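*Asks:* Can you read through this structure? Questions will come right after.
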Protein chains: 2
Amino acid sequence: MGIIGRANEEVLRRIQAAEPVLVDVLPAGEAIPVLARGERVALHAGPPIEWGRMCGPLKGAVAGALVLEGWAGDLAEAERLAAGGGVVFHPNHHFGAVGPMTGITTRSMPVMAVENRAFGNRAFCTLNEGLGKVMRFGGNDPEVLARLRWLGEGLGPLLGRALRLRGGLPLRGLVARGLAMGDEMHQRNTACTGLFLREMAPWLARAAEGEGDGLAEALAFIGGNDQFFLNIAMAMGKAITDPANGVEGSTIVTAMSRNGTDFGVRVSGTGEAWFTAPVEMPRGLYFPGFSEADANPDMGDSAIVETVGLGGFAMAASPAVAGFVGAGRAADALGYTQEMYEIAAGRSQDWTLPPLDFQGVPQGIDVRKVVELGVAPVINTGIAHKKPGVGQVGAGVVRAPMGCFEKALEALAAGLGVG
Amino acid sequence: MGIIGRANEEVLRRIQAAEPVLVDVLPAGEAIPVLARGERVALHAGPPIEWGRMCGPLKGAVAGALVLEGWAGDLAEAERLAAGGGVVFHPNHHFGAVGPMTGITTRSMPVMAVENRAFGNRAFCTLNEGLGKVMRFGGNDPEVLARLRWLGEGLGPLLGRALRLRGGLPLRGLVARGLAMGDEMHQRNTACTGLFLREMAPWLARAAEGEGDGLAEALAFIGGNDQFFLNIAMAMGKAITDPANGVEGSTIVTAMSRNGTDFGVRVSGTGEAWFTAPVEMPRGLYFPGFSEADANPDMGDSAIVETVGLGGFAMAASPAVAGFVGAGRAADALGYTQEMYEIAAGRSQDWTLPPLDFQGVPQGIDVRKVVELGVAPVINTGIAHKKPGVGQVGAGVVRAPMGCFEKALEALAAGLGVG
């Protein structure tokens, strides 16, 4: 086995040795030091991007977040502030964080912390806002901001207390159970949300003693949102992949992420570098009244779940999600996973797929196989309206652009002196 | 279409028109008038049986229930009381009730009430006691009795208040969601238990205001028991099938039930009559330290879920349960459901199976097809130790004995003047 083989074995070992535990909820400004400084900082999904190249929903979310933080009085003032250079933008990924769709994270928003106890690192993701008009899809009206304030002042602190009382919630086994219940952890988190609530409801009750009203509201919010677990799965994915990055010679992908304009990939052997290409348009199903003409191209840090073998890679777990994202019938769902085995370096030992007789999910995307076979990673995704302030218009399947992997392979080859 | 065809269409129509709603939890003595009388009455699973012919776990459960009710000071006194004719025994099924395994129901036990809003009838089932030593598997020690008292004084009244506050919990859609998440609602209720908690947790919090301690305990008990929903599914099955019984000429089964000694079947066209044969031994997997030598034959009213198309009939939904009950691999799970289509009069319109591209579950067992094809209904079941007081030793698959269906067909033929 050569240097690449040994390096990839080490990366797979780190991915499979991870022990992700949801441990806390705290304000982003406390969790992520760059957000605590005096300057106005907004973290976003995907690789780095300046205001002028941002897509509509990302601009909408930024404007809403600036109003939420009190940095602008209204959305128009917020846009002027951002366009005039009054806000510093960074990717979530540069600070151990991830965010769905627009992925906007600013200091007052609560973030969930997942600790990888095998390696000691932490990763963060905001709380899922539910469906309808939400900031992750570019929503920014008063209803969106009021919900974010309640997440920061109500649900977030309560869930944080409950998690600390419990001593954290281990996620590896919970995700394994969710896969056996039809979740692929990207467009379907119905089972894991229920499993999460089964584990946490008594602790929420203990944490809420003396504040009964807030408890019922919190339980109703979590229980009423099939996607509540998505953001937990994302923080888990980031907590798993961060320690797997930076292994010299490895051709395994450690991040896939999109800002709505560019798709970016990181590979373990090239560390912090991003390899980017224009994002593609998802193919999927649109909510009534919308069509592909309304859709923004692919967006969000959520493809971190595919990076660890879930989402589109685990489609076999979820014939129900195959229908939701317009990916076909039960046999087609199996087909997506079988195709992803072709580009995976290994398979998970405990995240298994009952419909494939408990084979592990494909894990560790090998850039070499992607390029050689011409098989691009498949991602299950939500679809945002291309204008700011509208929200989600559908869900579908998208491929990571081949250009990212070709550039990464060139850089890897150059780094190994074979370029 | 002859008289049988028309009658079977009407029975299927009634099954498919049912609107089961979980509406209340109340003491069995209030819900079921026969239990409120002065005499000592115990309801049991299966067709009628006297004390002398009862199996070990059923005798064990009876003895425990007599101590629980204060009718005997200890288990030995309870056995003497029962053997001496001091207790009146009836099947649950004769009073709109069902119970898992031994199925013992006495006056102080809380029962959940499912109302079939399309027909106005109600059906009842005790609360699931969890795993380990429990009365439904013949357990009767102080731990078992203490838990039953807490169910009657703590969880039961709280859940009843929560359900009344909510205005009831409709079950048809919830079961459809559970099928898409790998539950077959007999040996696997993991998803439906989570969906149930997601719906009920905020109402439990509202119902518990001012009694915080009991709330956390209640949420932990429900959330910690993958089978909590089984008893709800059973009451639902009974609420669906009762109005479908008594249609002249119909050859569709309206109850399958076992007391651990006899298997009994009721058919719509023959109303209240039971057709019985000796119960069979489940084939399955045993918990460590136990084998078939320890096992009691098949037991419980729980086969009411197969009677409405769930459990073994819905095995295709649940490759995970196929492994648990020793029924083989994912393809075998599909095979059980496909075989049950052969003996079903129809299929459900909204309880669908994603792994079979959303075909409806087989529904309405036709006695004629069972006998003609020699295909016996398949039932997923727990396995009890044959001695009183031990508990569950495994889980498996069992077939309904062909003799019940042959006798039923003879009676139907005689009734139609073709015998």
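*Asks:* May I ask you to sort B:404, B:55, B:125 by Cβ crowding, counting other Cβ atoms within 10 Å and putting the fewest first?
*Replies:* Starting with the residue having the fewest Cβ neighbours, the order is B:55, B:404, B:125.
*Asks:* In nm to one decimal, list the spacings between the residue A:350 label point and its equivalents in the other copies, with label points set 7 Å along Cα to Cβ, shortest first.
*Replies:* Inter-copy label distances (nm, one decimal, shortest first): 3.9.
*Asks:* Tell me, how many Å apart are the Cα centres for the stretch B:1-68 and for the stretch A:1-74?
*Replies:* 57 Å
*Asks:* Within chain A, what's the longest run with no GluC sites (Glu not before Pro) in a DSSP loop and at most 11 other beta-carbon atoms within 10 Å? Give the range, please.
*Replies:* In short, A:51-271.
*Asks:* Okay, next question. Under the classification rounded if a/c is under 1.5, otherwise prolate if a/b is larger than b/c and oblate if not, where does the stretch A:247-415 fall, given a ≥ b ≥ c as square roots of the Cα gyration tensor eigenvalues?
*Replies:* Oblate, since a/c reaches 1.5 and b/c is not below a/b.
*Asks:* Hey, got a sec? Which trypsin sites (Lys or Arg not before Pro) in the stretch B:316-419 land in a DSSP loop and have at most 16 other Cβ atoms within 10 Å?
*Replies:* B:329
*Asks:* Pick out which of B:108, B:257, B:291 has the largest mean-square fluctuation in a Gaussian network model of chain B, springs linking Cα atoms closer than 10 Å.
*Replies:* Most flexible of the set in this elastic network: B:291.
*Asks:* Could you list B:183, A:350 in order of exposure, starting from the residue whose Cβ has the fewest other Cβ atoms within 10 Å?
*Replies:* Least to most surrounded, the residues fall as A:350, B:183.
*Asks:* Nearest-5 percent of antiparallel DSSP beta bridges in the stretch B:3-234?
*Replies:* Given both bridge residues lie in the stretch B:3-234, the antiparallel proportion sits at roughly 75 percent.
*Asks:* Additional query: Nearest beta-carbon of B to the rotation axis carrying it onto A: which residue, how many whole Å?
*Replies:* That would be B:194, 1, residue then distance in Å.
*Asks:* Using a ≥ b ≥ c from the Cα gyration tensor of the protein assembly as shown (square roots of the eigenvalues), is it rounded, prolate or oblate, where a/c under 1.5 gives rounded and otherwise the larger of a/b and b/c decides, a/b for prolate?
*Replies:* Taking the square roots of the gyration eigenvalues as a ≥ b ≥ c, the protein assembly as shown is prolate.
*Asks:* Select from B:121, B:380, B:140 the residue whose mean-square fluctuation is largest in a Gaussian network model of chain B (Cα-Cα springs shorter than 10 Å).
*Replies:* Looking only at B:121, B:380, B:140, the largest GNM fluctuation is found for B:121.
*Asks:* For every helix of n ≥ 4 consecutive DSSP H residues, a contribution of -39,500 (n - 2.57) applies; sum these over chain A, divide by its total residues, and give [θ] at 222 nm rounded to the nearest 500 deg cm²/dmol.
*Replies:* -11000 deg cm²/dmol
*Asks:* Oh, and also: What's the center-to-center distance, using Cα atoms, between the stretch A:165-236 and the stretch A:271-327 in Å?
*Replies:* Comparing the Cα centres of the stretch A:165-236 and the stretch A:271-327, I get a distance of 23 Å.
*Asks:* Next up: Starting from a label point 7 Å past Cα on the Cβ side, list the distances from residue A:120 to the same position in the other copies, nm, shortest first.
*Replies:* Going from nearest to farthest copy, the values are 7.2 nm.
*Asks:* Which of the pairs B:369/B:407; A:238/A:369; B:133/B:238; B:133/B:387; A:59/A:386 have their Cα atoms more than 18 Å apart in this structure?
*Replies:* From B:369/B:407; A:238/A:369; B:133/B:238; B:133/B:387; A:59/A:386, over 18 Å: A:238/A:369; B:133/B:238.
*Asks:* Could you put A:398, A:88, B:371 in order, starting from the residue whose Cβ has the fewest other Cβ atoms within 10 Å?
*Replies:* In increasing order of surrounding Cβ atoms, one gets A:88, B:371, A:398.
*Asks:* Let me ask you something else. Defining the label point at 7 Å along Cα→Cβ, can you sort the distances from residue B:53 to the same site in each other copy, shortest first, in nm?
*Replies:* 8.2
*Asks:* Taking amide hydrogens as modeled 1.01 Å from N in the peptide plane, which residues meet the under 5 Å criterion relative to residue B:359, leaving out close sequence neighbours?
*Replies:* B:353
Only the coordinates and a few stated rules stand behind these numbers; no lab work does. Small disclaimer: the values here were computed from a predicted structure and weren't measured. Don't worry about glycine lacking a Cβ; one is built from the backbone with ideal geometry, like all the others, and counts go over all protein chains shown.
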